[in-house]
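This report concerns only the one structure given below.
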Protein chains: 4
Amino acid sequence: MIGSGEKIPVAVLGATGAVGQRFVALLANHPWFALTAVTGSERSAGKKYADAVRWTQVSSMPPAAADLTVGNSEPPVAATIAFSALDASVAGETESAFAAAGTLVVSNAKSHRMSPDVPLVVPEVNPEHLERIRHSPHAPGAIITNPNCSTIGLVMALKPLDDAFGLERVSVVTLQAVSGAGLTGASSYEMLDNVVPFIPEEEEKIERETAKILANEALTLSAQCNRVPVLDGHLCCVSVGLRDSPGESDVKNAWERFSGEPQERSLPTAPAQALEYREEADAPQPRRHRDSGGGMTVTIGRLRPCPVLDYKFVTLSHNTIRGAAGGAILIAELAVAKGLAGSESPCV
Amino acid sequence: MIGSGEKIPVAVLGATGAVGQRFVALLANHPWFALTAVTGSERSAGKKYADAVRWTQVSSMPPAAADLTVGNSEPPVAATIAFSALDASVAGETESAFAAAGTLVVSNAKSHRMSPDVPLVVPEVNPEHLERIRHSPHAPGAIITNPNCSTIGLVMALKPLDDAFGLERVSVVTLQAVSGAGLTGASSYEMLDNVVPFIPEEEEKIERETAKILANEALTLSAQCNRVPVLDGHLCCVSVGLRDSPGESDVKNAWERFSGEPQERSLPTAPAQALEYREEADAPQPRRHRDSGGGMTVTIGRLRPCPVLDYKFVTLSHNTIRGAAGGAILIAELAVAKGLAGSESPCV
Amino acid sequence: MIGSGEKIPVAVLGATGAVGQRFVALLANHPWFALTAVTGSERSAGKKYADAVRWTQVSSMPPAAADLTVGNSEPPVAATIAFSALDASVAGETESAFAAAGTLVVSNAKSHRMSPDVPLVVPEVNPEHLERIRHSPHAPGAIITNPNCSTIGLVMALKPLDDAFGLERVSVVTLQAVSGAGLTGASSYEMLDNVVPFIPEEEEKIERETAKILANEALTLSAQCNRVPVLDGHLCCVSVGLRDSPGESDVKNAWERFSGEPQERSLPTAPAQALEYREEADAPQPRRHRDSGGGMTVTIGRLRPCPVLDYKFVTLSHNTIRGAAGGAILIAELAVAKGLAGSESPCV
Amino acid sequence: MIGSGEKIPVAVLGATGAVGQRFVALLANHPWFALTAVTGSERSAGKKYADAVRWTQVSSMPPAAADLTVGNSEPPVAATIAFSALDASVAGETESAFAAAGTLVVSNAKSHRMSPDVPLVVPEVNPEHLERIRHSPHAPGAIITNPNCSTIGLVMALKPLDDAFGLERVSVVTLQAVSGAGLTGASSYEMLDNVVPFIPEEEEKIERETAKILANEALTLSAQCNRVPVLDGHLCCVSVGLRDSPGESDVKNAWERFSGEPQERSLPTAPAQALEYREEADAPQPRRHRDSGGGMTVTIGRLRPCPVLDYKFVTLSHNTIRGAAGGAILIAELAVAKGLAGSESPCV
């Protein structure tokens, strides 16, 4: 398929929200995928996308998307792959219906993440989990899920430590951007001059999703989540306890050597560097480093010993690119590259 | 002295900066203290305070302060007690000089905090340390120090846990307000839409000052500090490991019962409640709760089990009131009430 | 009535929104009024107020309000006066219905503002318009309206200029706080690091409401409105063209001498000074000056000649106190003081 | 020279500040200019640029710049053109000295802007003023100045109106970003949840610089300036009085047709479109539109009749790109293209 000149038709389900708009923006000029359908709520269905959406991306709306008519979120859809940016309240049933109709659904919603049959994937971390869709309970289609936006950056920084030194305990405090709450999720009256030290269900998601992705039964993880007045970019202050006793340079080397299938296969959305360690005393910072690698690189800094566990450090990931739309597109690219989707895949 | 109708003359050293202004604002109409002198840098010395200061408090400048002539920061000063808001670069020597000249210096600077002879005090936590000034190395005066702004809120929440259940391990991540960096310390170009995950020396201060105040040799503490775009109010996400295994209600009870000499003696600046536990799912929040108890109460919320240590929770304290000027004034009030300062004290 | 010891029962219609909460907060401990009823949407009706509201005020919820059961927004209501914080989509009919049922409705909604029979009142500016309710088209009750939040501050600064020098032309650019958009009106994703130079219908409201209040047919007014990332406080940059040619001191004197019935009658919510002129080069500023006079004083600064019209200056008013709930309560107080409401009024 | 393959050596004077850093960032990979020298204060002189600067740009520091040794700001400098980002307190004398030593200085400082012999240029607006350097009072070098950051966007929007319809009166209120105040100019404690309705000297600069650039003696202009909590992008709310009475479409056409020598000569930094009119009801917005045309396009929106003058509208320009470093680089490109600088120019 790759290089065939024929692009794979893709849809975005729930295309008018914050994450949906990111999908639409990132799919513009994609070398493999062509956006052929968008869906929305009943209020939007039947309108042109340009009229249905309150566009808030800094980049202009892609002209090809502007003219699409918004469908309602029911199958079938004229696409081989459907990226789901649906709200969790409807994602579960809707995604199952699309998959049952033969679509490969790559979902950003939480609904199916913890189903044992549904892969929960970060392409650099657990690409082998993708194979599970060969035995999809939703055949002839399938569902693949993207983790929660704060889990993704964290798990990418943890994976090389787990592989090299044995990860035993993790204590993480997040400082999360408002875009993670969607276009209407955090009013400016609530967030200006303020921090909200609570994000519903977020701590549970980080704890259970990290466990599923790393498949490390010895791991204990504790998360505390905060919403801060930052537009994009989730920061994590992490402490880790390790089985082994590596030196600081060993830890940095583990991060710097880290690479995965997306890099080996040179997938279109894969950053050259999955992880970047910065030596400045005050890095990473959301505004300055969130766009590293087109928003797909996770930035790490401030590695130092932790008096309570072993090491502490700070990670940063772009929550609506790597942590949502970009991460999901990378999953789809990997599925295509592995022959799990596209013309030769079980999903068509 | 108390009730005599004669107020104790007090000075503010370094009165034009952010903390200095807070001292001046909080001392207006103080029932025991009368502000009789302010000092500043060479650039300010000789001017009227109203002309020397770029006043940034929301409350109006106290008229009595406006007319004071700014002195240079050299002894003697026409005051029994001097509150020091001096920059750390000059505080060490200057405070020693004032103390040697017979003044009781209550300092907000870091310079003398770790000297074994100098008490480092939070009045509700370790009032007994105040007694050390009877053997002051700076006689005929003395120096008492106030901890770092983020340490104060933290140590107040930890003290009752240490007393009741034995505190062994603490992991804390702070989200600190920009006022902690002084009037010029954090440019808006740096802080808008951003978090800076580094505050020079702050983590070390929290770790060593907490240890000195609690005098608990079994305690291990790890701190990670962040500057967030909030005006006032330092938030701490805390995990604790305890010797005993209290239930959640035991922990809340320990906080709610917590009271100290400032409450028993009804000191003017003491809040009725030193600690306040809030049951809302999303409390405490800087803007909504920082002014609790006139900015002198520490607010706690979100107590829940920690998978890595024992419990986790969130604390909030007003960093320029409880964490700086208000905390120092409360120290001075306690010193006066204990007969360590004022007319019968060794300092006059 | 005043001084009788018996408080007048009042209701807040639409009590769960941003302005509704301000009414509830400002009515706590009111010397004349007792909050006896609150209403809300169907979703809230039947719940305790404490359970129905997402309280966002910095002050605690008044205990008396917390226990009220939220009524649906239909008459009758057990109150003599009803403060309306209803959304404009329902305010028109609902307020008419309450008035027809005998209630004096003091409304913050736009629906009835431009009806010739309905007074549109700023108590210091056009108290005489209140008399119109004696011939209320909604008898036995009546409706009085409060202007738009940005109009109030502006018209208070303009009134003394109109009286003394003849106001002919006004060009105003507003910088308005996010609280003016309600709890959900401006997402933080839209407002952080941004200005939105458009507020639906706002410019038209300022132009037509100012004309109705000042009843000056010679006046031409042009408004441009912006939403800025500020919590509370609407700033107006104003240029005026006058019939006469006063000196700068004449203009300042006109402002400083300005006083009205609320001050003469010492109404509970009236600030001692309706207008305050500040001489600092950089005043007024929203965060520093919005709470002047308990949020009821309008602050003015930067008077200087305008090369295009005659003078330019800056005004600031607290948009949810003077510009909404506080302004409406002051109207009700004036109505009571004038015998238009309360026990001897036509409304009971 | 252009196309010769040999780049023109350029310097940045005052390279460590906010505007200096923008110059360094924008000059990376410039097709005509090679950065060969940077200067700074005494504190920085002698250090590597990477060590001397507190880099705050989002893009990485250009490697070629990182290794330059910072010179003190005294001539000579190994460069044909020197971009001055010097502070106004030293710019006057320093720039004269560099020009006297044979350098063409393109300055962003105010010091020489109003000298009759020194051109004050916006390349699309008054390119003919550049010719004045043929009779430079600073020969063998010369000084060309860039207007104040808020003047540039304004004057670009006004020029086509002046040409087509005769501009007579302008009333402008600005909402300016914090980057305009430099790295240390606006503390976050001052700007969070606030607006400062005063920028020293700014209103005077706009009034006199616009008059010099447009050379329209019939023009009366009044400016009011505000600092708002936005990172980059100055917004102007403008009302204009015109000699003629064009329709709205005439005005939009005048803007859309507007083009100048930079576009005709396809200068490297020239945007394809100097002015862009947006039809959305709420455009332009700083965060969404400031980067239009690489930060070199001025965005206009909200054209509508003004009851006081004739028309009102909103303009937006990126203050540190078009309004500072980018604007100055475009001047230098135009000077080179016109043969006024580079190998055949009087400056070498």
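The values are calculated or read from the model by the stated rules, or taken from the named source; none is laboratory data. Everything numeric here is computed off the predicted structure, so don't read it as measured data. Every residue, glycine among them, receives a Cβ derived from its backbone with ideal geometry; neighbour counts consider all protein chains shown.
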Filter the range C:262-298 down to residues that are surrounded by fewer than 20 Cβ atoms within 10 Å (Cβ to Cβ) and assigned to a helix (DSSP H, G or I) and give me whichever is farthest from the other protein chains (Cβ to nearest Cβ). C:E264
Does the range C:317-333 include one or more residues that are under 28 Å from C:P229 (Cα atoms), within 14 Å of chain D (Cβ to nearest Cβ), part of a strand (DSSP E or B) and within 21 Å of the chain's Cα centre (by Cα)? yes
Since D:F258 meets every condition but one in (1) under 19 Å from the mean Cα position of the chain (by Cα); (2) without any contact (Cβ under 8 Å) to a residue 40 or more places away in the chain; (3) within 21 Å of D:H318 (Cβ to Cβ), which condition does it not meet? (2)
Where in the range A:1-66 are there helices (runs of 4 or more DSSP H), lying wholly inside it, with at least 2 residues that are in contact with a Phe, Trp or Tyr (Cβ under 7 Å, 6 or more places away or on another chain) and within 26 Å of D:D291 (Cβ to Cβ)? A:18-27, A:63-66
How many residues, within the range A:231-287, are in contact with a Phe, Trp or Tyr (Cβ under 7 Å, 6 or more places away or on another chain) and among the basic types (K, R)? 2
Exactly one of C:E207, C:E202 is within 30 Å of B:S188 (Cβ to Cβ) and at pLDDT 95 or above, and that one is C:E202
Would you mind stating whether A:R132 is among the basic types (K, R) and in a strand (DSSP E or B)? no
Given the conditions (1) away from chain A (no Cβ under 14 Å); (2) without any contact (Cβ under 8 Å) to a residue 40 or more places away in the chain, report the number of the one that B:E209 does not fulfil. (2)
Can you name the condition, by its number, that A:A82 falls short on among (1) within 21 Å of A:G326 (Cα to Cα); (2) touching a Phe, Trp or Tyr at 6+ places or on another chain (Cβ under 8 Å); (3) part of a loop (DSSP other than H, G, I, E, B)? (3)
With (1) aliphatic (A, V, I, L, M); (2) more than 14 Å from every other protein chain (Cβ to nearest Cβ); (3) surrounded by 23 or more Cβ atoms within 10 Å (Cβ to Cβ) as the list, and D:V19 as the residue in question, which single condition is left unmet? (2)
When the range C:126-166 is checked residue by residue, the ones that are of a type in the set (D, E, K, R) and in the same structural domain as C:T210 (by TED's automatic domain parsing) are C:K159, C:D162, C:D163
Could you please give the count of residues in the range A:212-225 that are surrounded by 19 or more Cβ atoms within 10 Å (Cβ to Cβ) and either within 11 Å of another protein chain (Cβ to nearest Cβ) or of a type in the set (S, T, Y) (or both)? 6
Give the range B:249-258 a look and list any residue that's loosely packed, with under 15 Cβ neighbours inside 10 Å and either touching a Pro at 6+ places or on another chain (Cβ under 8 Å) or in a loop (DSSP other than H, G, I, E, B) (or both), or say none. B:R257
Matching residues in the range D:93-125 - criterion: being under 20 Å from D:L330 (Cβ atoms) and surrounded by fewer than 20 Cβ atoms within 10 Å (Cβ to Cβ): D:K110
Evaluate the range D:68-85: report whether one residue or more is within 14 Å of D:A142 (Cα to Cα) and in contact with a His (Cβ under 6 Å, 6 or more places away or on another chain). no
Mind listing whichever residues of the range A:10-39 are of a type in the set (F, W, Y) and over 16 Å from the mean Cα position of the chain (by Cα)? A:W32, A:F33
Looking at A:V238, A:V228, can you tell me which residue is within 12 Å of chain B (Cβ to nearest Cβ), modelled with pLDDT of 95 or more and in contact with a Ser or Thr (Cβ under 7 Å, 6 or more places away or on another chain)? A:V238
Report yes if D:G301 is assigned by TED's automatic domain parsing to the domain that holds D:L167, within 14 Å of the chain's Cα centre (by Cα) and not hydroxyl-bearing (S, T, Y), otherwise no. no
Do we have any residue at all in the range C:311-328 that's surrounded by fewer than 21 Cβ atoms within 10 Å (Cβ to Cβ) and modelled with pLDDT of 95 or more? yes
For the range D:145-163, name all the residues that are of a type in the set (A, V, I, L, M, F, W, C), in contact with a strand residue (DSSP E or B) (Cβ under 9 Å, 6 or more places away or on another chain) and either free of Cβ contacts under 8 Å to residues at least 40 places away in the same chain or farther than 19 Å from D:P197 by Cα (or both). D:I152, D:M156, D:A157, D:L158, D:L161
If the requirement is being more than 25 Å from B:D51 (Cβ to Cβ) and assigned by TED's automatic domain parsing to the domain that holds C:L26, which of these qualifies: C:A332, C:A254, C:A274? C:A332
Output the number of the condition that C:E168 fails; it satisfies all remaining conditions of (1) more than 14 Å from chain D (Cβ to nearest Cβ); (2) modelled with pLDDT of 95 or more. (1)
Selected residue (criterion: nearest to B:K312 (Cα to Cα)) from residues of the range A:179-200 that are free of Cβ contacts under 8 Å to residues at least 12 places away in the same chain and within 11 Å of chain B (Cβ to nearest Cβ): A:P200
Yes or no: D:N146 closer than 24 Å to D:D117 by Cβ, more than 11 Å from every other protein chain (Cβ to nearest Cβ) and buried (at least 24 other Cβ atoms within 10 Å of the Cβ)? yes
